[in-house]
Amino acid sequence: MAPVVLGSFAAADYVVFACTLAVSAAIGVYYAWADRGLRSSQDFLTGGRRLTALPVSLSLTASFMSAVTVLSNPAEVYRYGGSIAFYGLSYLMTMMLTSEVFLPVFYRLAITSTYEYLELRFNRATRLLGTLLFIVQTVLYTGIVIYTPALALNQVTGMDLWSAVISTGVVCTFYCTMGGLKAVVWTDVFQLGVMLAGFLSVIIRSVILKGGVGSILEDSQQGGRLNLWDFDPNPLRRHTFWTVAFGGTFVWVSIYGINQAQVQRYISCKSLTQARLALFINLIGLWCVLLSSVLAGMCLYSLYRTCDPWTSGMVSAPDQLMPYLVMDILGDYPGLPGLFVAAAYSGSLSTVSSSINALAAVTVEDLIKPHMQMSDRRLAWTSKALSFLFGLVCMGMAGLASLMGGILQATISIFGIIGGPLLGLFSLGLLCPVANSKGALSGLAAGLVLSLWVGIGAQIYPPSPEMSRPLPLTTHGCNVTTLDGFNWTSTGPPAHTSPMAASPGDRNLLADSWYSVSYLYFSPIGTLTTILVGLLVSLCTGGWKHKVESRLIFMKRDTCLFSILKRVAGSCNLQQDNEKDHGNINPAFCHVDLDLTRCKMSAS
């Protein structure tokens, strides 16, 4: 049975949706005009390193809180329960590790591309390989982000699919090309507000319909959706406390710690203190978005607990459940469906724009500047041209996203398979002074091979229901009438498998063990393999004789904890350390962490 379209947009919905796109484009035009006198590529790609904590923190939140969050997180709670709430713990661990380990080194070096670090620490081949892996990862991820909300909204609201895809790509490409990082940051701030407003419109209306939050929580409890206390250590289980909290930490550190889109934001801050502050304000934003998406998923279950739209064929995929709910409960309130659509597209816009700007930055810094001598003005125009080019590439890649399966799992899998080995490579350089270039390349290759093996195997042999444990869905309360007047009630969920999936009879021992490991463990597998192999090869090739500049590795004096302990011990003047800060081109940089009285901020 074809999906049922509950209704179409009213004029007010189109106005709200169009205004979201128009405001985003207008911000790009404003910053293109306001910064018309700033002609260097550094101004375009890093905002001149003059940004403050608040807008950067909101941009950090919005960058990877995409339509995946708006559409897939509620559907995940609907099908598997609220255990993804443990991402809140992984977010906290991520911000602490990023602030203490990765941020001080990148900020001290004042680099534009994180992959510059790999050449400084290892060699040029390592830098190029890291850059190419980042480009592949980002283009694949951006294709999912563009395509999936367009598909879901097309099948539920009747919006034209490719018009939605093209409008997303064109608007993002426009304001990235015009305004650079400043436009991306401030549009992210606006779009995060729209995302939260869209969630709240659904949650408030659902609470009114159900007669209170207590009723929704009670329904969720009875339906097994409040399954928060699952501490099963089995790595084959899809979601438990350990897979979400431990595996999720590796995934999010690979995003916040080393991903160009995020690093480019916090190194654009005017001081190290502002950058750290941005990370922790961002943590509050992440918790708010996570809580909103989990509550929206419980609302979804509470309203459809006796008549599942997916099982009954009213939608063709779980990722379409949220748009279906919106048209069902908000269709009589012109403008509110448009607000939710704007929320989904704001998630896409913020993520796609971040990706385009980051792709332009690494291409300029890693692939063009080392080989070509250009003036600052020409580099700035080259950066704009690359933003435009990558926008077109990402729109073209959106067509491949239909082969990826569920979008939340597909997204995390991409970051695990490619981001995990990259995280291992950077960790090797930062934390292991004995690591050399031979070990780095060997470790990266081993980690990538292993994570690709398990990732591709999981696509061919999806985990069994005994391990993924989807919660029951029923249709006993349905009374579906088709267009020809035939009344029916579905009795079982439709089968949804990856296009690559093998038939059940082809399963083997690897399929029921190695390939069935939780997709949240792809990142730890790649990271730890890269570090272990890299260390072994380095030690076997003379790594213990390797001398590394102190500015390139993690030092305890960079951490807030060390600063606090020294103050408690009565030695609070960290400037007694005579070691010179190298590579800093930011006049507002202050080495003393979180001590604003010792920092002289330059005027922005």
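The values are calculated or read from the model by the stated rules, or taken from the named source; none is laboratory data. This one's a predicted model, so the numbers in the text were calculated from it and none came from an experiment. Positions of Cβ are generated from backbone atoms using ideal geometry, with glycine treated the same way; all protein chains shown enter the neighbour counts. Just so you know, the surface numbers come from the protein's heavy atoms only, side chains and all, with ligands and any DNA or RNA stripped out. Shrake-Rupley method; radii C 1.70, N 1.55, O 1.52, S 1.80 Å.
Scoring 199-210, 331-342 by mean Cβ neighbours within 10 Å over their residues and listing the highest first yields 331-342, 199-210. Once the Cα-Cα distance is subtracted from the 0.36 nm per residue extended length, the L209 to H371 segment shows a gain of 52.1 nm. Taking a virtual spin label 7 Å from the Cα of E218 along the C-beta vector, which residues in segment 296-320 bring their backbone nitrogen under 20 Å of it? The answer is 296-307.
The slack in the chain from A11 to W162, taken as 0.36 nm per residue of separation less the alpha-carbon distance, amounts to 52.3 nm.
With a cut-off of 13 Å on the backbone N, the residues of segment 508-537 near the modelled label site 7 Å out from A445 along Cα-Cβ are 534, 537. Within the full protein context, the accessible area of E466 is estimated at about 120 Å² for a probe radius of 1.4 Å. Annotation: amide H of N436 within the under-5 Å range of S538, sequence separation 5 or more or interchain, hydrogens built in the peptide plane. Label-to-label distance for A125 and S464 is 4.4 nm, based on points extended 7 Å past Cα in the beta-carbon direction. For W229 and L565, the difference between the fully extended length at 0.36 nm per residue and the C-alpha to C-alpha distance is 117.4 nm. Applying 1/(1 + (r/R0)^6) with r as the Cβ-Cβ distance of W544 and C19 and R0 = 56 angstrom yields a FRET efficiency of 0.35.
Label sites at L536 and A26, each approximated as a point 7 angstrom past Cα along Cα to Cβ, lie 6.0 nm apart. The distance between label points at F280 and H476 comes to 5.2 nm (points 7 Å beyond Cα on the Cα→Cβ vector).
Heavy-atom accessible area for C540, with the other protein chains in place and a 1.4 Å probe, reaches approximately 110 Å².
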